[in-house]
Amino acid sequence: MTEMVYGATPLRVEDPILPRWWRTIDKMTLTSVLLLMAVGILLGLAASPPLAQRNGLEPFYYVERQVMFGGLGVVAMLLISMASPERVRRFATLGFLLTLVGLILLPFLGTDFGKGAVRWYSFGIGSIQPSEFLKPMLAVFAAWLMAASSDVGGPPGRALSFGVTLLVVGLLVIQPDFGQAALVGAGWMVVYFIAGAPIVLLTGLAALAVAGGYVAYQNSEHFARRIDGFLSAEVDPRTQMGYAQNAISEGGFFGTGLGEGRVKWSLPDAHTDFIIAVAAEEYGLILVVFIIGLYATIFLRSVFRLMRERDTFIRLAGIGIVVVFSLQAMINMGVAVRLLPAKGMTLPLVSYGGSSLLATGIAIGMLLALTRHRPQGEMGDILARRG
């Protein structure tokens with residue numbers, strides 16, 4: 001009888017997950033990510049054979065591993081990008097707790113591979129660097145705490161997120177890994193600023209970071225040597241920085257040509273920390289500008305989408321991920337042209353490194369999940385109605 005009067009209640013038929021995912025995903029960001037990975041493989045073909053030869057391996061050993069880990073990163077990215085924001089939050093919270101335990105146990109079970117910093121777990125057939133996975137997980141976890149603090153009767157999320165970030169920074173300094181510590185701290189400060197932190201407090205935190213850098217300079221020979229080398233008026237041409245600068249200047253606008261670069265024979269980290277020097281030497285300014293454009297596209301597209309987002313957690317978590325990702329890219333390229341002191345960071349999605357490629361795939365997957373279009377009023381619509 002009710003149906004005769006009011007009509008039958010229509011059933012809402014959900015779209016299949018793949019068409020819905022494709023319709024709501026940021027395709028330009030996804031395309032930029034895949035292009036960066038393709039550029040990484042292209043540069044790996046040029047940069048890694050000399051290292052393989054020095055280590056007595058097959059010429060394309062490192063390229064094959066980069067393709068394998070890059071493929072795993074793409075699979076992880078696509079699967080995570082289909083998740084809801086709630087599942088992203090749960091996944092990141094669990095991932096943060098696991099990687100934090102891994103970071104705590106590093107001084108006891110980790111290895112330094114002769115590089116003077118205990119950052120890896122070695123498993124014989126491979127290794128893993130917990131800090132690479134910790135960065136995006138912490139960004140989402142801290143964003144959740146800050147968003148929860150604005151709820152009625154919510155926890156003191158901002159104070160908790162500060163304490164957790166301070167713990168992570170301390171664990172990274174112990175390794176020592178001052179570059180990652182600075183990156184994590186800077187990412188947290190940006191999220192805290194977006195969450196409404198007073199500028200006076202942020203200024204105080206920045207002053208605290210500077211004081212920490214001074215203490216590190218006075219007590220760490222490794223840190224002091226890198227700062228002194230950066231501040232020096234002359235660059236030793238036999239150092240990694242000297243080789244990188246020479247390669248960039250030799251490349252010019254169009255580059256020396258595919259396979260014609262020489263820096264890969266001199267730089268031990270040509271396939272990781274200084275991959276942009278290989279790009280500049282062999283392909284010139286054109287490829288470097290293209291790479292920068294892809295990073296800028298990912299950053300700007302993500303920020304513009306997040307600015308229209310109503311949910312506080314989604315805004316903060318997305319900003320945290322994209323800021324850490326973009327800052328790492330800026331630091332890597334800044335080091336290569338001597339705008340920043342040497343940090344030992346990979347170029348996301350481009351450099352060789354299993355942990356880096358897989359962790360970045362997970363991070364971008366969470367970012368794509370958070371920036372998908374959802375059936376809700378956007379922030380601009382709400383402000384327009386209130387006006």
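The values are calculated or read from the model by the stated rules, or taken from the named source; none is laboratory data. It should be emphasised that the depicted structure is a prediction, and the values quoted were computed from it without experimental measurement. Note that we place each Cβ from the backbone using ideal geometry, even for glycine, and neighbour counts take in every protein chain shown.
Among the residues of the stretch 177-195, not a single one is of a type in the set (Asp, Glu), buried (at least 17 other Cβ atoms within 10 Å of the Cβ), in contact (Cβ under 8 Å) with a residue 60 or more places away in the chain and in a helix (DSSP H, G or I).
Checking the stretch 249-260 against the condition returns no match, with no residue being in contact (Cβ under 8 Å) with a residue 40 or more places away in the chain, farther than 25 Å from residue 60 by Cα and surrounded by fewer than 19 Cβ atoms within 10 Å (Cβ to Cβ).
The set of residues in the stretch 280-314 being surrounded by 15 or more Cβ atoms within 10 Å (Cβ to Cβ), of a type in the set (A, V, I, L, M, F, W, C) and over 30 Å from residue 258 (Cβ atoms) consists of 303, 306, 313, 314. Restricting the stretch 146-176 to residues that are of a type in the set (Val, Ile, Thr) and touching a residue at least 12 places away in the same chain (Cβ under 8 Å) leaves a set whose member that is nearest to residue 100 (Cα to Cα) is 168. Applying a threshold of 7 Å to beta carbon distances and a minimum spacing of six or more residues, or different chains, the list of pairs starting in the stretch 129-145 at a residue that is within 12 Å of residue 183 (Cα to Cα) and ending at one that is acidic (Asp, Glu) reads 131/177. Scanning the stretch 25-69 for residues that are of a type in the set (Lys, Arg) and either loosely packed, with under 15 Cβ neighbours inside 10 Å or at pLDDT below 90 (or both) yields a total of 2.
A quick yes/no check of all residues on (1) more than 27 Å from residue 189 (Cβ to Cβ); (2) of a type outside the set (Phe, Trp, Tyr); (3) part of a helix (DSSP H, G or I):
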residue	(1), (2), (3)
53	yes, yes, yes
70	yes, yes, yes
80	no, yes, yes
96	no, no, yes
106	no, yes, yes
113	yes, no, no
124	yes, yes, no
146	no, yes, yes
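Residue 300 passes every criterion in (1) in contact with a helix residue (DSSP H, G or I) (Cβ under 9 Å, 6 or more places away or on another chain); (2) at pLDDT 95 or above apart from (1). There is at least one residue in the stretch 262-278 that is more than 22 Å from the chain's Cα centre (by Cα) and among the basic types (Lys, Arg).
Residue-by-condition table, conditions (1) out of contact with any helix residue (DSSP H, G or I) (no Cβ under 7 Å at 6 or more places or on another chain); (2) buried (at least 17 other Cβ atoms within 10 Å of the Cβ); (3) closer than 22 Å to residue 84 by Cβ:
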site	(1), (2), (3)
97	yes, no, yes
111	yes, no, no
116	no, no, no
120	yes, yes, no
129	no, yes, no
142	no, yes, yes
148	no, yes, yes
153	yes, no, no
158	no, yes, no
